[in-house]
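Taking it in order: structure first as structure tokens, then the write-up.
Taken together, the values in this text are just the output of simple stated rules run on the coordinates, not laboratory data. Nothing here was measured: the structure is a model prediction, and the numbers come from that model. Positions of Cβ are generated from backbone atoms using ideal geometry, with glycine treated the same way; all protein chains shown enter the neighbour counts.
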Amino acid sequence: MKKPSPSRSIMKFKNVLFLLILFISVVVNAQSKQVFENPELKTIISTHKVVAIMPYRTSITYKRQPKNFSAEANRDQEKSMSKSIQSSMYTFLLRKAKNYNVSFQDVDKTNILLKKAGMLDKLDEFTNDEIAKVLGVDAIIGGVFETEQTKSEAGAIASAILFGGFGGKTGTGTLTMTLNNGSDGELLWRFFKTMDQGIMASTDDIVESMMRKVSRNFPYAI
């Protein structure tokens with residue numbers, strides 16, 4: 001009986017391995033993002049012209065609290081990241097403006113109006129329609145970013161040097177993006193995604209990663 005050649009066995013193994021990786025990838029992707037769409041979405045947004053982008057609610061936690069941890073410094077970092085994600089989202093949408101049928105309010109104007117109304121640092125105390133009324137917009141985009149840091153950047157760099165690769169994973173996170181109608185605050189659309197954070201991840205990278213997944217599912221896409 002003729003034995004199969006080593007090259008044929010290797011090829012068969014590679015094919016099986018490829019299918020296994022593909023299957024795992026499909027399962028992981030299916031678990032890592034979720035989309036909700038209001039049944040009346042298309043009808044409601046057909047009259048929208050201007051949309052505001054809120055600062056993202058941000059939470060930074062640690063699997064193992066670092067030495068010299070400061071709760072105050074952590075809150076400052078959360079606040080800074082909140083505004084950075086808002087700015088990165090605005091920049092992304094502005095860059096792709098020709099792909100959308102609405103305009104987006106400048107985030108500097110948004111934050112000034114919110115500050116004047118005494119809302120900026122306590123948005124969770126107001127309804128979405130109250131916020132939209134103050135901003136004079138048809139809808140608001142908001143969201144939540146939560147991250148748990150599992151490794152310091154120094155530790156990630158050391159792992160990269162020891163095991164190869166460009167920077168290691170320093171933490172995991174979830175990003176939720178929501179769209180609420182301005183007149184009644186009703187939730188129109190919601191996108192949820194889990195993600196890994198590399199040591200070089202910026203808020204631009206985070207937004208870019210999420211919007212690539214949103215793609216043509218974004219409500220205002222032409």
Subject >> Summed residue charge, Cβ within 12 Å of Ile44's Cβ, Lys/Arg positive, Asp/Glu negative >> reply: -4
**OP:** Loop only per DSSP, at most 11 neighbouring Cβ atoms within 10 Å: give me the chymotrypsin sites (Phe, Trp or Tyr not before Pro) in the range 39-105, ordered by residue number.
**Re:** Phe69
**OP:** Highest first, please rank the peptides 172-178, 93-99 by the mean number of other Cβ atoms sitting within 10 Å of their residues.
**Re:** 172-178, 93-99
Original post:
Which distance in Å, rounded to a whole number, links the C-alpha centroids of the range 116-134 and the range 41-99?
Top reply: 16
